[in-house]
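Remarks on the structure that follows.
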Amino acid sequence: MSARHGFVQGPVQAIADAAGYSKAAVLKGFGSKERIQAAVVARTEEHITRVAAAAAGLPVGKRRDAALLNALVEMIEEWPGTGALIVGAFWLTRDPEILERLAQAQERRVRVVSAIGAVTSTMMANRDTRWTELTDVVVAAGLGALGHASAT
């Protein structure tokens, strides 16, 4: 929905269609489009916190990035579409503090978005694949996007 309409212009019907529910059922469950957005943001924050926890205590570097990418693969396998939502958040954010931090780390931001995008796109394009069998390959692609040399 957001790719075509954006949140403000996007109709609740588009949200309902994407979720496989009627508009009435979506509105009964959430009450308003703003409450739908709040629920999506809250759920995304939960996912991001879970992914971040996978690297707790690890020093900055390849090992930490690999732990984060492994957790990202697990999250996307469990909650398809979440990776695309995270990548979209980089584009949609208007929070001045976040924008300032992103501006200070342009190269890292490009690499992080590329890594998340690589993992997300690969998994979305191959929906029938059992990712636990190919996690190492997907993580290696993400590590490459982050600038880590392969271990060949």
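The values are calculated or read from the model by the stated rules, or taken from the named source; none is laboratory data. Computed from a prediction, not measured in an experiment: that's the story for all the values here. All Cβ positions, even for glycine, are placed from backbone atoms using ideal geometry, and neighbour counts span all protein chains on display.
Tell me which of these R127 doesn't satisfy, since it passes every other one: (1) more than 12 Å from the chain's Cα centre (by Cα); (2) closer than 22 Å to A18 by Cβ; (3) at pLDDT 80 or above.
Unmet for R127, out of (1) more than 12 Å from the chain's Cα centre (by Cα); (2) closer than 22 Å to A18 by Cβ; (3) at pLDDT 80 or above: (3).
Please state which of the following conditions A56 fails to meet, knowing it meets all the rest: (1) assigned to a helix (DSSP H, G or I); (2) over 19 Å from A118 (Cβ atoms); (3) modelled with pLDDT of 85 or more; (4) of a type in the set (G, A, S).
(1)
Need at least 2 residues that are at pLDDT 80 or above and under 20 Å from P80 (Cα atoms) per element, so show me which helices (runs of 4 or more DSSP H) inside region 1-45 make the cut, counting only ones lying wholly within it.
Of the helices (runs of 4 or more DSSP H) lying wholly inside region 1-45, those with at least 2 residues that are at pLDDT 80 or above and under 20 Å from P80 (Cα atoms) span 12-19.
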